[in-house]
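In what follows, a structure is listed as structure tokens, so that the remarks can point back to it.
The values are calculated or read from the model by the stated rules, or taken from the named source; none is laboratory data. Quick caveat: nothing in here was measured; it's all calculated off a predicted structure. Please note: Cβ atoms are built from the backbone with ideal geometry, for glycine as well, and neighbour counts cover all protein chains shown. To get the accessible areas, we keep the full protein, side chains included, count just its heavy atoms, and leave off ligands, DNA and RNA. Shrake-Rupley method; radii C 1.70, N 1.55, O 1.52, S 1.80 Å.
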Amino acid sequence: MTANKKLLILPGDGIGPEVMAEVERVIGWLSDHERATFDVGNGLVGGAAYDAHGTPLTDETMAEAMNADAVLLGAVGGPKWDGLAFEVKPERGLLRLRKEMELFANLRPAVVFDALADASTLKLDVVQGLDIMIVRELTGGIYFGEPRGVEDIGGGERRGVNTQVYTTPEIHRVLRVAFELARKRSNRVCSVEKANVMESGLLWREEAQKIHDAEFADVELSHMYADNCAMQLVRDPRQFDVIVTDNLFGDMLSDEAAMLTGSLGMLPSASLGAADESGRRKALYEPVHGSAPDITGQGAANPLACILSFSLCLRYSFAMAADADMIDKAVENVLAGGMRTADIMQDGKARVSTSVMGEAVTTEMEKLLG
Ligand code: IPM
Ligand code: MG
């Protein structure tokens, strides 16, 4: 039993609160079994925060996030807020968290569970056993680059501008995360950009190679253009171990990789900042799926991506690998036992609700504990 861990839970919009309730069930289980106690705070983000406060993230919630050991986020956005001004759109809340917490490394594992291998739209023999990690740069590039905006250029015409920009320290720190992860996996990193078209991509490639040669020569490094990577991911995804890329390419390639696994509803993510002197990193954990407004409130959402995100939180923020392993194993067993939420439903399996799936996970954890 270790000291209290400060968690800030931001369920957000759409199915966010429904899937987060199942994470809270797992947190409750851990404290009931005296495996850990958490200091849990709750807050609003996205459209929910806008409705209550007129902003997708209040300064108070931002401050709480800076103070927390880890933030768990559900999802943001939905058609209800489509008409809002750009600066107060739900997504701005999430982007502000990423930027101010300096969460530059976004880890998006794409793993195909054996029980779900035939749920992919790709052929079984292409995706079976897939286990790749996409490391997406999260606080730079075109998402935040200046200049940006829409301006009048006279004669009733307008011009929209965004800027792709990377500095060498930004490239180095995310590459280091990728190389370090690779060392614990299959020791291969594929760095992805468009060095054939973009100067910032050429810089990325050169600096990736430099960091490799200077600090990680033991890791195998390859370089790939982003369009080719998109193609290779559906042609032969298992050729990859760790893919590291910029913010925008990472956004797109991680959605593509997610779909290889059969369901966005299965995929967790971790967003990490730099380690301080004590080794502690600011961190935010969220499922890769969005707010899914079409199924909100029906008890149909898959809570597993959010539960697996919490497992990443235990692993990366709290060094609770045994508990994280137990959660991952419980999820695997529940799937092997035949329970499915709608998004991963297959012939002959049992369709269950969000809460039944969440309960099945803690029941399985109980069994694993023996
Ligand atoms: C993601 C999402 C976000 C992004 C949106 C919601 C701002 O697509 O986390 O991948 O584009 O980064
Ligand atoms: Mg995305």
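Give the carbon-plus-sulfur fraction of the accessible surface of the stretch 97-245 in %, rounded to a whole number; probe 1.4 Å, heavy atoms of protein chains only.
49 percent
Would you mind working out the accessible area per residue for the stretch 168-241, using a 1.4 Å probe, and quoting it in Å²?
About 48 Å² of surface per residue is accessible.
Can you compute 3J(HN,Hα) from phi for each residue in the stretch 179-188, using the Karplus curve 6.51 cos²θ - 1.76 cosθ + 1.60 with θ = phi - 60°, rounded to whole Hz and x for Gly and Pro?
So the Karplus estimates, Gly and Pro as x, are 5, 5, 5, 4, 4, 8, 10, 9, 6, 10 Hz.
Using the Karplus curve 6.51 cos²θ - 1.76 cosθ + 1.60 with θ = phi - 60°, work out ³J(HN,Hα) for each residue of the stretch 260-268 in order, rounded to whole Hz, and write x for Gly and Pro.
So the J values, rounded to whole Hz, are 4, 7, x, 7, 4, x, 9, 9, x.
In nanometres, what is the gap between the two model label sites at Val126 and Arg159, each 7 Å from Cα along Cα-to-Cβ?
My value for the distance between the label points is 4.2 nm.
Within the set of other residues whose C-beta is less than 15 Å from the C-beta of Asn302, count the net charge using Lys and Arg as +1 and Asp and Glu as -1.
Combined, the nearby Lys, Arg, Asp and Glu give -3.
Provide Glu87, Glu256 ordered by accessible surface of protein heavy atoms (probe 1.4 Å), highest first.
Output order, biggest surface exposure first: Glu87, Glu256.
Sequence-distant or interchain residues sharing an amide H contact under 5 Å with Lys282, placed H: which?
Gly273, Ala274
Could you let me know the centre-to-centre spacing of the stretch 173-221 and the stretch 33-98, using Cα atoms, in angstrom?
32 Å
Can you give me the long-range amide H partners of Ser191? Hydrogens built in the peptide plane at 1.01 Å from N, cutoff under 5 Å, separation of 5 or more residues or another chain.
Residues meeting the amide H criterion: Ser222, His223, Met224, Val244.
Accessible area per residue of the stretch 5-82 at 1.4 Å probe, in Å²?
Ligands and nucleic acids excluded, the figure is 37 Å² per residue.
Computed from the mean reciprocal separation of all distinct C-alpha pairs, what Kirkwood hydrodynamic radius does the stretch 26-75 have, in Å?
Result for the stretch 26-75, one decimal place: 12.3 Å.
Projecting each Cα onto the charge dipole of the stretch 85-138 (Lys/Arg +1, Asp/Glu -1 at the beta carbon, about the Cα centre), which of Phe104, Ser120, Met133 comes out farthest on the positive side?
Result: Phe104, furthest along the dipole toward the positive end.
Please report the relative contact order for the chain, taking Cα pairs under 8 Å with a sequence separation of at least 6, and give it as a percent rounded to a whole number.
21 percent
Specify whether the C-alpha gyration tensor of the stretch 131-260 places it in the rounded, prolate or oblate class, a ≥ b ≥ c being the square roots of the eigenvalues: rounded for a/c under 1.5, otherwise prolate if a/b is larger than b/c and oblate if not.
prolate
Taking H as built 1.01 Å from N, whose amide H comes closer than 5 Å to the amide H of Phe38, not counting residues under 5 places away?
Placed amide hydrogens put Lys5 under 5 Å from Phe38.
Pop out the ³J(HN,Hα) list for the stretch 334-351 in order, Karplus 6.51 cos²θ - 1.76 cosθ + 1.60 with θ = phi - 60°, rounded to Hz; leave Gly and Pro as x.
Taking θ as phi minus 60°, the curve returns 4, 5, 4, x, x, 6, 9, 7, 4, 5, 10, 4, 9, 3, x, 9, 9, 7 Hz for the stretch 334-351.
Give me the Kirkwood hydrodynamic radius of the chain, using the inverse of the mean 1/r over all pairs of distinct Cα atoms, in Å to one decimal.
Over the chain, the inverse of the mean reciprocal pair distance is 21.3 Å.
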